[in-house]
Amino acid sequence: MTDYVKAKVMRLADLNSTCPPRHTKTDAFTMIGEDTGAQNFVLFNVEIHPGGQAEPDTHPGREHCYFVLSGIGDAMVDGKTFTLHPGDCLWIPPGAEHGVKAVGSQTLRFVVVTAPPPWVAVDDVS
């Protein structure tokens with residue numbers, strides 16, 4: 001049985017950011033993380049600043065989606081480019097090579113959901 005914490009609000013203004021590996025000019029805030037007891041997903045708020053990017057990477061066995069809040073980005077998934085605008089949601093299947101960069105002079109802000117989260121073991125079946 002999972003030890004979940006009680007319901008609570010995570011305020012972006014109260015969280016510390018990190019720049020994840022293989023990212024430049026990026027602030028990532030873990031909104032729903034391992035400390036909640038979550039076993040099915042992790043949720044990040046990500047800001048890629050002008051000139052920044054998340055270099056191509058793969059995550060076998062883990063689904064991803066990006067929901068764009070503001071700014072414009074170019075995402076690459078398995079060699080195909082997608083231009084992302086506010087309100088767009090990009091689905092990234094398990095094992096797909098993917099990356100994203102900010103376009104223009106605005107910060108690209110988006111929510112990332114990954115399932116299952118990195119602290120849960122997965123079979124490499126992608």
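The combined condition, being in contact with an Asp or Glu (Cβ under 6 Å, 6 or more places away or on another chain), basic (Lys, Arg), within 23 Å of Val122 (Cα to Cα) and at pLDDT 95 or above, is not fulfilled by Arg62. Residue count for the stretch 43-93 under the criterion of being on the phi < 0 side of the Ramachandran plot, charged (D, E, K, R) and either exposed (fewer than 13 other Cβ atoms within 10 Å of the Cβ) or in a strand (DSSP E or B) (or both): the result is 6.
For the stretch 94-109, filtering for residues that are buried (at least 16 other Cβ atoms within 10 Å of the Cβ), farther than 16 Å from Glu55 by Cα and either in contact (Cβ under 8 Å) with a residue 40 or more places away in the chain or touching a Cys at 6+ places or on another chain (Cβ under 7 Å) (or both) leaves 2. Screening the stretch 7-41 for residues that are charged (D, E, K, R) and surrounded by 11 or more Cβ atoms within 10 Å (Cβ to Cβ) and picking the one that is farthest from Pro117 (Cα to Cα) gives Lys25. Taking the stated definitions as given, is Arg11 at pLDDT 95 or above, closer than 23 Å to Val120 by Cα and over 12 Å from the mean Cα position of the chain (by Cα)? Answer is no for this residue. The single condition among (1) in a strand (DSSP E or B); (2) without any contact (Cβ under 8 Å) to a residue 60 or more places away in the chain; (3) among the charged types (D, E, K, R) that Asp35 does not meet is (1).
The values are calculated or read from the model by the stated rules, or taken from the named source; none is laboratory data. What you see is a predicted model, and the numbers here were worked out from it, not measured in a lab. No Cβ is skipped: glycine too gets one built from the backbone with ideal geometry, and neighbour counts run over all protein chains shown.
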